[in-house]
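The values are calculated or read from the model by the stated rules, or taken from the named source; none is laboratory data. For clarity, every value in this text was computed on a predicted model and none was experimentally measured. Cβ placement follows ideal geometry from the backbone for every residue including glycine, while neighbour counts extend to all protein chains displayed.
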Amino acid sequence: MFFHYIDLSWRSFKRTPLITILMVSAIAIGIGVTMTSLSVYHMMSMDPMPHKSDKVHAVQLNTRDEGSTWWTEDDLPQQITYQDAVNLYRANVPAVKTPSFRTGYSIHFDDDSIKPFIENIRVTGLPFFEIFDVQFVEGQPWTQEQEDNAEMVTVISRELSEKLFGKESAVGKQVYYDEHLFRVIGVFDNFNHHIKYYDLTNGHFNSHERAFIPFSLTVPLEINNWGNTNGWKYQDIRTFEDKLQSEQHWVQFWSQLDNPQEFQAYQEYLTNYLIEQEEKGRFEREAPSFGTRDLTDYLDYMGVVTEDNRVLVAMSFMFLSVCLANILGLLLGKFLKRVPEVGVRRALGASKRDVFAQHVVEVSMLGLLGGLLGIALAQLGLWGVRTTYSYYSELATMDLTMLFSAPIIAISACILAGLFPAYLVCKTNPAICLKTQ
Amino acid sequence: MLQMKNISKVYQTEKVQTHALRDFDLNVDEGEFIAVTGPSGSGKTTFLNIAGMLESFTAGQYMLDGVDVGSLSDNARADLRNQKIGFIFQGFNLIPDLNLFENVEVPLRYRGIKSSERKERVMHCLEQVGLASRIKHLPQQLSGGQQQRVAIARALAGEPRFLLADEPTGNLDSLMARQVMELLEQINRDGATIIMVTHDPELARRAPRNIQIVDGQIADFTLYQKPTAVPVASVAGA
Amino acid sequence: MLEIKPIFNSLFRSKAGAILLVLQIAITLAIVSNSLSIIKDRMDYLQTDSGYSEQDLFQISTSVFAKDTDLLYLLEETERTLLGMNGVVNASFMREVPLSGSGSSSNFGNKPLDQNESEDYRSVNTAYTTTPASIFDTLDMTLIEGRFYTDSEVLKFNGDGGDLPTQVVVSKHYLDEIYPDGDGLGQFIYIGNSPIEIIGVVERAMGPWPKSNRPLNFAFFPIVDATGSQKFVVRTEPDMREQVMNEVEEVLLAQFNQRVIMNIQGLDDAKREYQASDILMLRMLVILIVLLVSITALGIFGMTVFNINKRTKQIGTRRALGARKSHIIRYFLVENSILCISGMVLGAIGAIYLGQMLFEHYSVPAFSAMYVVYTAIFVLIISLLSVLFPANRAANISPSIATRSV
């Protein structure tokens, strides 16, 4: 029976080709537009670490005077000062925690073997690799001892390793970062998530750093951060030492808290820490204020999904609703014109359910056709997005979820639009249409 | 009132030429009541369409009330239809979206008559056909006979001098058919010229003058009778 | 003669189709008018004049990795090398490059910090850069008051920071904000308690962030502090930029090769890259509007065709009863206008509501009712045009349809 209905639908399409083309294009354009903005939304709002995003927390401290404002919704700066980062890193609380910031060096071998190039480099603590599940394909991260001794060691990504050493093993090799000679002790698998979730302060979708060095090198190498440095009060900062002691915010801090007890303990620790710091006279606040958002909340808080995209998604769904109203109107006309024919079918023994099923199959076919065409249009749209804004090249793509959602949304939308006309057709008393005409 | 001379109508399809009317001649005087009969496909409807200026003709001359119809523009024909001709169709052709009042009002609106006068005339016509109490009803809420009476009211609303009826009783049972016929006779007595196409020999016999069309030509003139008074049952009581 | 009342009645009796069309028009109006408002806002932003002839300027960054280099000497030598290139008009070190999206900004007071309790204390944010005296020629700036600083007034350091500046050249926009009374020239702005004299005012200079809320606040300090990473802005003769940009890396490495040359980019391209997300939004909205209006027009077209097919007989009847062709066309135009206007009333309410929602939750401009008016006129025209064609077809229906019996 199902195939019979498909056959009937096909005949119906052929009988009114113009209206069919109109309806399929309407749904295709609706789906195309919606899927274009929704795909970007989907990629922007993706959870980068679904298995532990509720355990990883971004630590924010308000070490500013009461009344200082910042652009975040709760006036908390996204980064903390160097001194706080050191204190929190050393704190004796049950948590896996690490400071981290971005810097950069020219990478070279002090000879002509490769052309020197600039590379972004992350300065962080050993726990970073545990918190963010960094997988090593060769060697391992530096040890706690190496970090404590501020040894000149580095780990690099597989991609960078291939670029520097080809197929040879990178572990044990030496490489210059500017004038500093580093030893490679590990190679990690490339980060392959489009959101740079462990550092949202310098572009949410920037490329991931391909080299890491220990946080303890910050002082001996006088490492300057590449990224935002935010002050809130006037301080005369001239030397690197001044900067380390200053109230400028430039270090990110992450803590992994595995259970509610740890979370609770960490909250208490931060409260006490801020009270203690205030007593030292660094700032004046009525009550300690800090943030420990988990990763998902933090991505949202940082506006990883752009406002423009939210506006577009909302508008595309309204657009889709216009397409639906359009189709509904056309279906209404088309189905009602068919009432006499349905009357004959009913008289010949078709049940209401048969008639209903026939029409639902017909609208589903429309949805399927429109959905498939819509995917093609969305690909075109996403190509347009990538061309306009190369920064979105990783985002403006359809993954499998989106690819399957498109026809499903299209079919559901069409069925939704077709239900009322189909119901009207079924409701019609067959006797009436047989009598007239 | 109506003169047709050598009127022909040819329908041209890809391969076939169909002569629906050929060298058709007819004179109709003011106040006549003519029944047109003939077998299916003989050209009755084509004749009626041409008479009512619903269709153009291929050759010949057609004078309506002294006006040469062949030379008129589309708009002029529309106006002429509106002012001089009333139509009664076999399928009633009431407009389903409009209620009785609005249906009867349609030709008056095209004539650009003021709202108050329209109302008066519509009510008068509906009273004549005995449906004044149902002005708010939609056509589908009426029986076939009632619908045809509304259609007659609509045809009368413009006070036409010339009434064209196409199988006015074709969709009605015999009782209703008789009532409609009586109504038409009444209208004829009131002064309108009527041409009625019909299949029904009994109805045709009631008309004073009969024309038979066969193969696009007038086949046979029956005896011309002066219009005579026929006893009428209460028209409104139907 | 407009048959408004019967049309109304007839619409009311076939409500579903009419309601759908009204809704479509309403939503279309709401979306299009709001999109137009956003588009207008973005266009204004994208078209803001930076004050530079961007197409003749490009930036370049260098990063020195050699030990024990005299960075200040290298910096000045690099400037001289650039200047020696064929087609280069001028080249200057500039720590923060305009339009590039990366720079520095700070608040400066109109009084020393220790007087910040005073009533007329003002502190205004501006983007700033430290750069040699040649920059004013490189960027081809127009001086409107005072003077530019000279080479001998520039403080030079070799990566060791040091003294605060004592002079500054600011953009007119900044001057007007920190000294609104127009007497800013010769007055001071303060870093903490240290005074800096405003010696010159340029007409227009955009800072590194075109999108900031003060894009045209910019200040130039006479300091050159050479560190390992150095940026330069180069102005070329018209049509020579492409060639200079292609050759510049080789020329600079030939001069000194212990460094990485990167970010060779025209300022217009830098600006376009910075603004890419807004250009994207603009394009998306334009496409959205075009598609939406087409879909709605097609919808109106389709519905009219349907209505006409459904009413073939009644149109024939009307013609038989004396309707002129123009009456039939007018009938459909009036019917459509009634729907369109109801849709617009609903849509205007929707548009203003949507505008408010967007304004509350997102950083879009406040919605002006004028956009509803423009859009409504536009939608009305489009909708009448979409009706015209099928209505014309309807008018050509032969009145003889009326005598046909099925």
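Selection of the stretch C:352-373 for residues being surrounded by 14 or more Cβ atoms within 10 Å (Cβ to Cβ), assigned to a helix (DSSP H, G or I) and out of contact with any Gly (no Cβ under 9 Å at 6 or more places or on another chain) yields C:I352, C:L354, C:G355, C:M357, C:L358, C:F359. Considering each residue of the stretch C:279-300 in turn, at least one proves to be touching an Asp or Glu at 6+ places or on another chain (Cβ under 7 Å), surrounded by fewer than 24 Cβ atoms within 10 Å (Cβ to Cβ), more than 27 Å from C:R404 (Cβ to Cβ) and not aromatic (F, W, Y). Regarding the stretch A:207-215, can at least one residue be identified that is aromatic (F, W, Y), assigned by TED's automatic domain parsing to the domain that holds A:T72 and outside any loop (DSSP other than H, G, I, E, B)? Scanning the stretch A:207-215 turns up at least one residue that is aromatic (F, W, Y), assigned by TED's automatic domain parsing to the domain that holds A:T72 and outside any loop (DSSP other than H, G, I, E, B). For the stretch B:50-64, enumerate the residues that are crowded, with 16+ Cβ neighbours inside 10 Å and not in a loop (DSSP other than H, G, I, E, B). Those that are crowded, with 16+ Cβ neighbours inside 10 Å and not in a loop (DSSP other than H, G, I, E, B): B:I50, B:A51, B:G60, B:Y62, B:L64. Taking the criterion of being more than 14 Å from chain C (Cβ to nearest Cβ), aliphatic (A, V, I, L, M) and either without any contact (Cβ under 8 Å) to a residue 60 or more places away in the chain or within 25 Å of A:L336 (Cα to Cα) (or both), the residues of the stretch A:1-49 that qualify are A:M1, A:I6, A:L8. Of the residues A:A314, A:A347, the single one that is surrounded by fewer than 23 Cβ atoms within 10 Å (Cβ to Cβ), small (G, A, S) and within 14 Å of chain C (Cβ to nearest Cβ) is A:A314.
Return the residue satisfying two criteria in turn: it lies in the stretch A:370-397 and is farther than 22 Å from A:V305 by Cβ and surrounded by fewer than 21 Cβ atoms within 10 Å (Cβ to Cβ), and of such residues it is farthest from the other protein chains (Cβ to nearest Cβ). Selected residue: A:L372. All told, B:L138 falls short of being more than 17 Å from the chain's Cα centre (by Cα) and either crowded, with 20+ Cβ neighbours inside 10 Å or of a type in the set (V, I, T) (or both). Only one entry of A:W254, A:W226 meets the criterion of being over 25 Å from C:D114 (Cα atoms), among the hydrophobic types (A, V, I, L, M, F, W, C) and within 11 Å of chain C (Cβ to nearest Cβ), and that entry is A:W226.
Entry remark, the stretch A:90-148: residues being assigned to a loop (DSSP other than H, G, I, E, B) and either acidic (D, E) or not assigned by TED's automatic domain parsing to the domain that holds A:N192 (or both) number 4 in total. Against the test of being at the interface with another protein chain (Cβ under 7 Å from one of its Cβ atoms) and among the aromatic types (F, W, Y), the options C:F306, C:F359, C:F301 yield a single qualifying residue, C:F306.
Residues are listed down the side, and each one gets a yes or a no for (1) buried (at least 20 other Cβ atoms within 10 Å of the Cβ); (2) within 14 Å of chain B (Cβ to nearest Cβ); (3) in contact with an Asp or Glu (Cβ under 8 Å, 6 or more places away or on another chain); (4) not basic (K, R):
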{"residue": "C:S277", "(1), (2), (3), (4)": "no, no, yes, yes"}
{"residue": "C:K313", "(1), (2), (3), (4)": "no, yes, no, no"}
{"residue": "C:K325", "(1), (2), (3), (4)": "no, yes, yes, no"}
{"residue": "C:G343", "(1), (2), (3), (4)": "yes, no, no, yes"}
{"residue": "C:L346", "(1), (2), (3), (4)": "no, no, no, yes"}
{"residue": "C:G350", "(1), (2), (3), (4)": "yes, no, no, yes"}
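Just so you know, in the stretch B:65-93 the residues that are in a strand (DSSP E or B) and more than 9 Å from every other protein chain (Cβ to nearest Cβ) include one that is surrounded by the fewest Cβ atoms within 10 Å (Cβ to Cβ), and it is B:D68. Among residues of the stretch A:353-381 that are on the phi > 0 side of the Ramachandran plot and touching a residue at least 24 places away in the same chain (Cβ under 8 Å), none has a beta-carbon under 8 Å from a residue that is of a type outside the set (S, T, Y) and in a helix (DSSP H, G or I) at least six positions away or on a different chain. Can you find a residue in the stretch A:163-174 that is over 30 Å from C:N158 (Cα atoms), aromatic (F, W, Y) and either modelled with pLDDT under 90 or crowded, with 19+ Cβ neighbours inside 10 Å (or both)? There is no residue in the stretch A:163-174 that is over 30 Å from C:N158 (Cα atoms), aromatic (F, W, Y) and either modelled with pLDDT under 90 or crowded, with 19+ Cβ neighbours inside 10 Å (or both). A:H193 falls short on exactly one of the conditions (1) more than 20 Å from A:H57 (Cα to Cα); (2) out of contact with any Phe, Trp or Tyr (no Cβ under 9 Å at 6 or more places or on another chain), and that condition is (1).
Specify the residue that is farthest from C:G207 (Cα to Cα); the eligible residues are those in the stretch C:128-156 that are among the acidic types (D, E) and under 31 Å from the mean Cα position of the chain (by Cα). Among those that are among the acidic types (D, E) and under 31 Å from the mean Cα position of the chain (by Cα), it is C:E145.
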